[in-house]
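Step one of this worksheet: look at the structure below.
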Ligand code: ZN
C-alpha cells in the first residue's frame, strides 16, 4: 500500500504515479440521503459535471477556501485515479482502469450554486474554481477490491459529520464509470469523484478535519486544517 506524501505548498502533481494531472469528473446526488438533505429530487440518471485540473490542491496539511462568495460547503467523496484510457467501459474494463483510491473534496459555494441553479445556469463558478478539489494521495486497489463496500468519513472539529459507504450509492462505482465514459473518455491521470453522502455543511477558517477511507487494500486517515484563501 503506497500513500503519497504531499509536500507543503506544492501543487498536486498526479500523486505518486508520475501521471500528468487531468480533468476531474464529478457526480451530483449519488447518495439518496444527500439529495434529500438539500431537498433535491433523486435523479433518474447520474448528474455529471467536470472540474478542470486547476481545481486540484493538496488536501493536507491545510487547504484554503474563499471567504467572499458566501458559504463554502465541504462534500467528502471517494476519489478514483484513472490509470488507462477508457471509453464506454464495461464493469470489468472500469475496474481494470482504476489505478488508485483516495479522498477528494468537492468544495461548493452553496449560495452561488443556488443562484445558478435557480437561473438554470451551469455550476462551474460554484464548483470548479481554483482549489475547489483538495485531493489526497491514492492507494492501489486490492485485486479483489469490493467496489460496493468502501467507507468514507469526515470528522470536523472532532465530531463525525459525514459517514458513508459506496454500497449506498444510487449508481455504484463500476456502472458509474460506464455511464461517465459513455459521455467522456477518461485518460490516465484523470480523477473521478463519486458523490457525497449526507452531512455537507459550511467550512470556516480554523476548522480541523479528520478524513478517513476504508477499502480492502487498506485504510487511509489524514488530518488537515481549513485556512482562508488570500484574495
Ligand atoms: Zn459532490
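The values are calculated or read from the model by the stated rules, or taken from the named source; none is laboratory data. Worth saying up front: this structure is predicted, and the values here are computed from it rather than measured. Cβ: placed from backbone, ideal geometry, glycine included. Neighbour counts: every protein chain shown.
Quick check on this structure: which one of 48, 67 is within 16 Å of the ligand (Cβ to nearest atom) and modelled with pLDDT of 90 or more? It would help to see each step written out before you state the result.
Numbers: 67 fails: within 16 Å of the ligand (Cβ to nearest atom).
Being within 16 Å of the ligand (Cβ to nearest atom) and modelled with pLDDT of 90 or more holds for just one of 48, 67, which is 48.
Can you tell me which residue in region 1-29 is modelled with the lowest pLDDT, limited to those that are part of a loop (DSSP other than H, G, I, E, B) and in contact with a helix residue (DSSP H, G or I) (Cβ under 6 Å, 6 or more places away or on another chain)? First the steps, then the outcome.
Of region 1-29, the ones part of a loop (DSSP other than H, G, I, E, B) are 1-14, 18-23, 29.
Now restrict to residues that are in contact with a helix residue (DSSP H, G or I) (Cβ under 6 Å, 6 or more places away or on another chain): 2, 4, 21, 29.
On the way: 2: 34, 4: 41, 21: 79, 29: 92.
Ranking the qualifying residues of region 1-29, first place goes to 2.
Taking the residues in region 206-224 that are modelled with pLDDT under 95 and part of a loop (DSSP other than H, G, I, E, B) as candidates, determine which candidate is nearest to residue 60 (Cα to Cα).
217
Quick one: is residue 40 free of Cβ contacts under 8 Å to residues at least 60 places away in the same chain, touching a helix residue (DSSP H, G or I) at 6+ places or on another chain (Cβ under 9 Å) and within 16 Å of the ligand (Cβ to nearest atom)?
Working: free of Cβ contacts under 8 Å to residues at least 60 places away in the same chain: yes; touching a helix residue (DSSP H, G or I) at 6+ places or on another chain (Cβ under 9 Å): yes; within 16 Å of the ligand (Cβ to nearest atom): yes.
Here the answer is yes, as residue 40 does meet what is asked.
Given the conditions (1) surrounded by fewer than 23 Cβ atoms within 10 Å (Cβ to Cβ); (2) closer than 19 Å to residue 215 by Cβ; (3) touching a residue at least 24 places away in the same chain (Cβ under 8 Å), report the number of the one that residue 85 does not fulfil.
Result: residue 85 passes all but (2).
Of everything in region 94-121 that's in contact with a helix residue (DSSP H, G or I) (Cβ under 9 Å, 6 or more places away or on another chain) and without any contact (Cβ under 8 Å) to a residue 40 or more places away in the chain, which residue is nearest to the ligand (Cβ to nearest atom)?
Looking only at region 94-121, we keep the residues that are in contact with a helix residue (DSSP H, G or I) (Cβ under 9 Å, 6 or more places away or on another chain), and these are 94-95, 97-100, 102, 106-117, 121.
Filter once more, keeping what is without any contact (Cβ under 8 Å) to a residue 40 or more places away in the chain: 113-117, 121.
Details: 113: 10, 114: 15, 115: 18, 116: 15, 117: 14, 121: 18 Å.
Top of the filtered list is 113.
Any idea which of (1) in contact with a strand residue (DSSP E or B) (Cβ under 6 Å, 6 or more places away or on another chain); (2) under 26 Å from residue 174 (Cβ atoms); (3) crowded, with 18+ Cβ neighbours inside 10 Å; (4) at pLDDT 85 or above is the one residue 93 doesn't satisfy?
Only one criterion in (1) in contact with a strand residue (DSSP E or B) (Cβ under 6 Å, 6 or more places away or on another chain); (2) under 26 Å from residue 174 (Cβ atoms); (3) crowded, with 18+ Cβ neighbours inside 10 Å; (4) at pLDDT 85 or above is unmet by residue 93, namely (3).
From the list 188, 202, 197, pick out the single residue that is surrounded by fewer than 17 Cβ atoms within 10 Å (Cβ to Cβ), in contact with a helix residue (DSSP H, G or I) (Cβ under 9 Å, 6 or more places away or on another chain) and either at pLDDT 95 or above or on the phi < 0 side of the Ramachandran plot (or both). Outline the logic, then answer.
On the way: 188 fails: surrounded by fewer than 17 Cβ atoms within 10 Å (Cβ to Cβ); 197 fails: surrounded by fewer than 17 Cβ atoms within 10 Å (Cβ to Cβ).
Unique residue meeting the criteria: 202.
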